[in-house]
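Read the structure below first, then the notes.
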Protein chains: 2
Amino acid sequence: MKTTVCILAILVCAVAAVAEDYSSFVDPLVGTRNMGHTFPGATVPFGMVQPSPDTRHLSMYDDAGKYTGEAYRYCSGYQYEDTTIAGFSHTHFSGTGHSDLGDITLMPVAGIADLESGDSYASRFRHETETAEPGYYRVRLDDPGVEVELTATTRVALHRYTFEQAGPAQVILDMIANIYNYDGKNVWTFLRVENDSLVTGYRQTTGWARTRTVYFALSFSKPFTSYGHKRLDETPYHGFYRRFDQEQNFPEMAGREIRVNFDFDVAADEPLLVKVALSPVSTAGALKNLQAEAPHWNFDRVRNEARAEWNRELGRIQIETMTEDQRSVFYTALYHSMLSPIVYEDVDGSYRGLDQNVHVSEGFTNYTIFSLWDTYRALHPLLNLIQTQRNTDMIASMLAHFDQSVHPMLPVWSHYANENWCMIGYHAVPVIADALIKGNDEIDLQRALDACVATANVPYFDGVGEYRELGYVPDEVSGSSVSMTLEMAYDDWCIARLAEMADDEGLAAEFDRRAGAFRNVFDAEVGFMRPKKRDGSWRAEFNTLATHGQGFIEGNAWNYSLYVPQNVPALVELMGGPERTGAHLDELFTMELDDEHIAHTEDITRDGIIGNYVHGNEPGHHIAYLYNWTDRPWQTQARVRHIMDTMYGTGTDGLCGNDDAGQMSAWYVFSALGFYPVCPGSDRYALGSPLVERAVIELAKGKTLEIRVENQGAANVYVQKVEVNGEGIDRLYLTHGELMGGGTVVFFMASTLEH
Amino acid sequence: MKTTVCILAILVCAVAAVAEDYSSFVDPLVGTRNMGHTFPGATVPFGMVQPSPDTRHLSMYDDAGKYTGEAYRYCSGYQYEDTTIAGFSHTHFSGTGHSDLGDITLMPVAGIADLESGDSYASRFRHETETAEPGYYRVRLDDPGVEVELTATTRVALHRYTFEQAGPAQVILDMIANIYNYDGKNVWTFLRVENDSLVTGYRQTTGWARTRTVYFALSFSKPFTSYGHKRLDETPYHGFYRRFDQEQNFPEMAGREIRVNFDFDVAADEPLLVKVALSPVSTAGALKNLQAEAPHWNFDRVRNEARAEWNRELGRIQIETMTEDQRSVFYTALYHSMLSPIVYEDVDGSYRGLDQNVHVSEGFTNYTIFSLWDTYRALHPLLNLIQTQRNTDMIASMLAHFDQSVHPMLPVWSHYANENWCMIGYHAVPVIADALIKGNDEIDLQRALDACVATANVPYFDGVGEYRELGYVPDEVSGSSVSMTLEMAYDDWCIARLAEMADDEGLAAEFDRRAGAFRNVFDAEVGFMRPKKRDGSWRAEFNTLATHGQGFIEGNAWNYSLYVPQNVPALVELMGGPERTGAHLDELFTMELDDEHIAHTEDITRDGIIGNYVHGNEPGHHIAYLYNWTDRPWQTQARVRHIMDTMYGTGTDGLCGNDDAGQMSAWYVFSALGFYPVCPGSDRYALGSPLVERAVIELAKGKTLEIRVENQGAANVYVQKVEVNGEGIDRLYLTHGELMGGGTVVFFMASTLEH
């Protein structure tokens, strides 16, 4: 025993010694072009504040009030092709398929800006002047001649503006700007100029989050000489404020649409620093956060601490790869897997709950941004493995959400004390089940089970009533009825496993029965999952290649028919056995989709398609691993390597679709290590084909897992043999126990099949 | 000593035995006709909730967007002439000269209402079916055939609806209604149907209070069978809520303009009860308040407790009067003097502060609604006398407001965590000074002084900069420049007294100098205070009878020239001595004002004028007492009795102008007892002519003051002699010490002058 420990320790040290500045392998600009929807700004792992440049502020609707969809490209506020920066705001989603946020926008201006229009102080910029690193961002604004640098603690953003020219300068606080806008999105803004260098306030918006308020405290490193504001809404009456000159040096401001200027005289090359602390609770909370996390003006110290924090978290997986690009893609993916969920509480544990009341997180840290339809698949299983405490806290946050929910339900897609009800199913369940099944003993099983069961039984939620009555969601209820049925069946299987753990046999049986609902929407005659009508008949018109309105969402029948993660053997049987299932998979990956069907595929660019397989859409994420249940398991190995090679890359276009709050990246991290959680809620990881040459993973309780790949090579995609702690295994999965026990998994690779 | 105590105890008991149900002397309908602006609904003394009928919901602007002023008559929501009730809302000002509030409107409906329009469920009513008592209100809604009864605890309103007909019925929760409306007044509404009988939520409005939120919890005595809502604003996007049928039985609602229906089947004569708890903090706070104050469904118990509470507070002054009407007017006035300021905190002491943060009142109870320009004159001095603890808490609330103010300033006119900046001066100062000068030792003198000094020195506040520089507010700054100068001079005199108490001689001298500013606006040539221009010249056009734009506000030169409460002898000297001042006063009270000048007088009806003296306007309130400083002090006695006889009465039109948050009523209470605080901040009360025959006043620390009036009679208005504890006094004032020492003041009356 002692010997083993020593050897491991030496190994870890060896890896650490070679490459401890993991941040240098990360490129935050990856995914900022096309549809990756990542942001390049500065943040710490799971940080509550994400200062980042927004290149355009788009309207969600055209002048005629029609939804344009144009804002979709700007979910994170930044598109690499753009040549101007509109401002630096403090809240950003990473990789989501919908937009919101972009709060508290700052912009340095040389001279005097026109507050009537945000365009007046937008500035051109060039990527040559741009640097993006974990926890640090830098750009030169060409119009005012200002270098902008950003860094952050968990709750505080730091800006450093260096003005090239001496003279009058302004910092604009734009409380109107949103990542996307429409009339009515800004509900209320409240600001106070507390003294000559401190401003507090909040902004309340509606939108994807219906009732969302962001509180802040903003501090300048030197006093402004004067300030002013414009209120651009026309809310008519505000008491007897009219007796004041409100627009000049009057310290109270409120309304719906407000921009503020703070005036300075700057010397040439004089740096002006701004700190912005956020709070979900109050301006008092923001001030507390400011004081606790950034009581000083040492920008570089914060930048260095942010990088050190990233190195600590990125270093939880230490890898060796065949190429530098592979290392960069891996650590960039790992970076993207830690940008959400984000911490959502003040330093004292206070946070705003779903009921809009202020709660205190007793015994956990509260998180928000749960894009669960995406992230239950690989992101949460990854966090469960390498960020166990955070994942436990995230589950505690979900259970708190449940307690605060009026339905009550666990989160579906929640952010900033709101449920936005995006996507289908109730996929907090598999996140919770996955952690419990894999042995997390900090979560109260019965409380979790009760929350899952209640969530699965809210009759007015998205077809649940009909699903419970008929065993499937009928086509009449929704254009995504089959996806809904399949995903709820999987979630229900997870509940059955929890019920089993809790020795509740009746409940387990009930949910195991519900988990079989996939059978009710499989049409054996056509060999596909298919929309079924309320009367039990199949829907007549049925296009297995189309994505929209065919019973599915973000996937067509070819892909979604493969969605029975909880019982792949049964699926294989339905599909006609291992050989026919293998053939179906081969056809999926090799068929040629016509342009029309490609055009209607969501969320990806043409490059994101392999045959009819769409890696940018999450329902496909387990598909390559399904070969393991067919007559041709080696195809998993080939396909997975092919996907890693072609769907992920360095460069701004390195993501083939939305990163989806880290799910796309988490898929890569698992796959590169050689295994993948096809069915979260089971303790198994399907074996794939590792891309790394070697990896050391820091696990909970000080344990370490080493993955070693023998005979690794670009063409050596096939796994000849796998040994766990020196013993060969004759199965196509690893168990969670095997990973968490620590030790070594060795893959033996070959360029040809020897099966 | 012992004997005295015993005699007093017997006296108190005797009075109490005769008339302990003081509530029966109160008519809450007094002032509900014309411009009294009182409300008839149910509330407890200083209660946070005031459920009351609103007869119309008016728009502040006409269809063309022009301010109509029509809403002015509806400051309290109710006009006696109206024949319909639009709803029962929970927040009401009493007697103010501006409107706001009217939150959380309920209305019982027989059958099914149309939520598109509030008119659909407005109901006719008749005054014959109406009962208004302290803590209780009852009316029959003729259209649905529903008896509505209201009662309240401090923070919880109880409604009892008795439906005459069996059948389907609804209770409408109208979150759109305001006492006055305009597009944009409703900022946001958030509602949750927690279960089949409990609703929580809040509404955020702008208006007189710029950023105001009222939280509530609403509980029905029996479950509703279903519910629904309409959102009538068109805020376009709210996440994926669209996947639900939000309008039927969906428990989350949010938007700007929302009406909700709760459906019941009622039996004939079945009472349905509703409890509505308010909170300034959160729905969690409202639930706490609900549980703490009304955990049961016993309407009559709450009603009885409310009445008992009123009897306790009204009984602090036990009087005997010549007529029953006089008794009724007195106790109604005393009632109206306890409707604001109101408690503004949850049962746990949490409240929302001016900075919109949640604070906890450590060591005091937080109050709001400070109509200080009105109430510093007599209401706060009255509360200081008979509600000492509450007045101390109100001052603590003002100091908390100061701490939370960004300027920082003490409240000017504040309500619901907002400053509305109504009217002029900084009259929190005299309230604080009055309490301190009169010996209140619970207030920290230095902290209070610092707050007063800071408040008086905010340079951008309403002419303060110029006032400090020039010694007066120049005409160019404001149409009310003289009023501003005079009132700030008085406030500054109060600060000087506090500085004196604190042994800060320099500060006292500085503010005594400022207090002399009244000299700078007195034009000896015309014998009036007069607007002065920046260059020191008097304004040329000057109409001493006009109220608007002549340098004054709510008063003309004839009245306002008499405003030097801090130094009446100096004023008398300026006016040319006691005789000329007496003549000026006589002329004021007897001159005939032409119709045009009457029409432009604010705030009163024709009945509210005696000559050119306008009792409905507060700047006149000390004027009748000024005769005490002239050659004809007996005229004070005659005028005061005349004002009491003619400006106050029983009946709905019993108030000659806005009650102004209790100031008009407090004037009456003092005057009826025979003395009045002409100069709060001094320890003197000017003697007048008592109306009562006898009064026993419960003072702090268990002491009791008896006022006895010998030879009282309708015509016996002149005071021959005053004895304090058996000794005659040869001066025209009582000191606070004399009152608070306990004992007896005896007035000897006559019908003729024997001076």
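Between B:Ala267 and B:Glu20, the simple spin-label model (points 7 angstrom out along Cα→Cβ) gives 3.7 nm.
Listed here are the pairs A:Lys185/A:Lys532; A:Lys230/B:Lys185; A:Lys533/B:Lys222; B:Lys185/B:Lys222; A:Lys288/A:Lys438; which of them are more than 29 Å apart at the Cα? Numbers along the way, then the final one.
Numbers: A:Lys185/A:Lys532 39 Å; A:Lys230/B:Lys185 20 Å; A:Lys533/B:Lys222 39 Å; B:Lys185/B:Lys222 33 Å; A:Lys288/A:Lys438 38 Å.
Pairs exceeding the cut-off: A:Lys185/A:Lys532; A:Lys533/B:Lys222; B:Lys185/B:Lys222; A:Lys288/A:Lys438.
Restricting the trypsin sites (Lys or Arg not before Pro) of segment A:699-747 to loop positions (DSSP other than H, G, I, E, B) with no more than 12 neighbouring Cβ atoms within 10 Å leaves A:Arg731. The alpha carbons of chain B occupy a box of 79, 64, 51 Å along the principal axes, longest dimension given first. What trypsin sites (Lys or Arg not before Pro) in segment A:480-559 are in a loop by DSSP, with at most 15 other Cβ atoms within 10 Å of the Cβ? Listed in order of number, the matching sites are A:Lys533, A:Arg534.
How much of the DSSP bridge set in chain B is antiparallel, in percent, rounded to the nearest 5?
90 percent
Please label the shape of segment B:28-298 as rounded, prolate or oblate, based on the square roots a ≥ b ≥ c of the eigenvalues of the alpha-carbon gyration tensor (a/c under 1.5 means rounded; beyond that, a/b larger than b/c means prolate, else oblate). Could the numbers behind the result be given before it?
On the way: a/c = 1.33, a/b = 1.07, b/c = 1.24.
Rounded.
Each other copy places its own label point for B:Arg580 at 11.7 nm from this one, sorted shortest first, where the point lies 7 Å along the Cα-to-beta carbon line. Of the solvent-accessible surface of chain B, computed with a 1.4 Å probe and all protein chains present, 47% belongs to carbon and sulfur. When the other protein chains are added to the chain by itself, burial of at least 40 square angstrom of heavy-atom accessible area (probe 1.4 Å, ligands and nucleic acids ignored) affects these residues of segment A:383-425: A:Val406, A:Trp421.
In segment A:184-292, which GluC sites (Glu not before Pro) are in a loop and have at most 12 other Cβ atoms within 10 Å, using DSSP for the loop call?
Values: sites: A:Glu194, A:Glu234, A:Glu247, A:Glu252, A:Glu257; in loops: A:Glu234, A:Glu247, A:Glu257.
Hits after loop and neighbour filter: A:Glu234.
For A:Lys533, the label point sits 7 Å beyond Cα toward Cβ; its separations from the matching points on the remaining copies run 8.9 nm, from shortest to longest. Here B:Lys721 is the anchor, and the aspartates and glutamates within straight C-alpha reach of less than 17 Å, apart from those fewer than 8 places off in the same chain, are B:Glu693, B:Glu706, B:Glu710, B:Asp730, B:Glu738, B:Glu754.
Please give the total accessible area that chains A and B bury against each other, computed with a 1.4 Å probe and expressed in Å² to the nearest 100. Show your work: numbers first, answer last.
Working: alone 26190 and 26170 Å², together 47680 Å².
The summed interface area works out to 4700 Å².
With every protein chain in place and a 1.4 angstrom probe, the accessible-area ranking of B:Thr131, A:Thr630, largest first, reads B:Thr131, A:Thr630.
Would you mind classifying the protein assembly as shown by shape? Square roots of the alpha carbon gyration tensor eigenvalues, ordered a ≥ b ≥ c; an a/c under 1.5 is rounded, otherwise it is prolate if a/b is larger than b/c and oblate if not. Mind showing how you got there, number by number?
Numbers: a/c = 2.68, a/b = 1.99, b/c = 1.35.
Prolate, since a/c reaches 1.5 and a/b exceeds b/c.
The residues of segment A:51-81 occluded by other protein chains by 20 Å² or more of accessible area, set against the chain on its own, are A:Tyr61; surface from heavy atoms, 1.4 Å probe. Across the protein chains, with a 1.4 Å probe defining accessible surface, the residues A:Ser59, B:Ser197 rank A:Ser59, B:Ser197 from largest area downward. Ranking B:Asp492, B:Asp441, A:Asp21 by solvent-accessible area of protein heavy atoms (1.4 Å probe, all protein chains present), from largest to smallest, gives B:Asp441, A:Asp21, B:Asp492. Calculated accessible area for the protein assembly as shown comes out at 32 Å² per residue, all protein chains present (probe 1.4 Å; ligands, DNA, RNA ignored). Its residues counted as N, segment B:392-444 yields a C-alpha radius of gyration over 2.2 N^0.38 Å of 1.12. In this label model, B:Thr83 and B:Gln248 are separated by 3.9 nm, measuring between points 7 Å along each Cα→Cβ vector. Helix A:634-647 axis versus longest C-alpha principal axis of chain A: approximately 20°, rounded to the nearest ten. With 50 Å² as the minimum drop in accessible area between chain alone and full protein complex (1.4 Å probe), the qualifying residues in segment A:180-209 are A:Trp188, A:Phe190, A:Arg192. Spin-label model, B:Glu592 to B:Gln720: label points 7 Å out along the Cα-to-beta-carbon direction sit 3.8 nm apart.
Quick check on segment A:28-298: of the DSSP beta bridges with both residues there, what percent are antiparallel, nearest 5%?
Details: 78 of 81 bridges.
Given both bridge residues lie in segment A:28-298, the antiparallel proportion sits at roughly 95 percent.
With its label point defined 7 Å out from Cα along the Cα-to-Cβ axis, A:Ile729 lies at 9.8 nm from the matching points of the other copies, in increasing order.
The values are calculated or read from the model by the stated rules, or taken from the named source; none is laboratory data. Fair warning: this is a prediction, and the values are worked out from it, not measured in the lab. Cβ sites come from the backbone with ideal geometry, for glycine too, and all protein chains shown count toward neighbours. The area values use the complete protein model at the heavy-atom level, side chains included, leaving out ligands, DNA and RNA. Shrake-Rupley method; radii C 1.70, N 1.55, O 1.52, S 1.80 Å.
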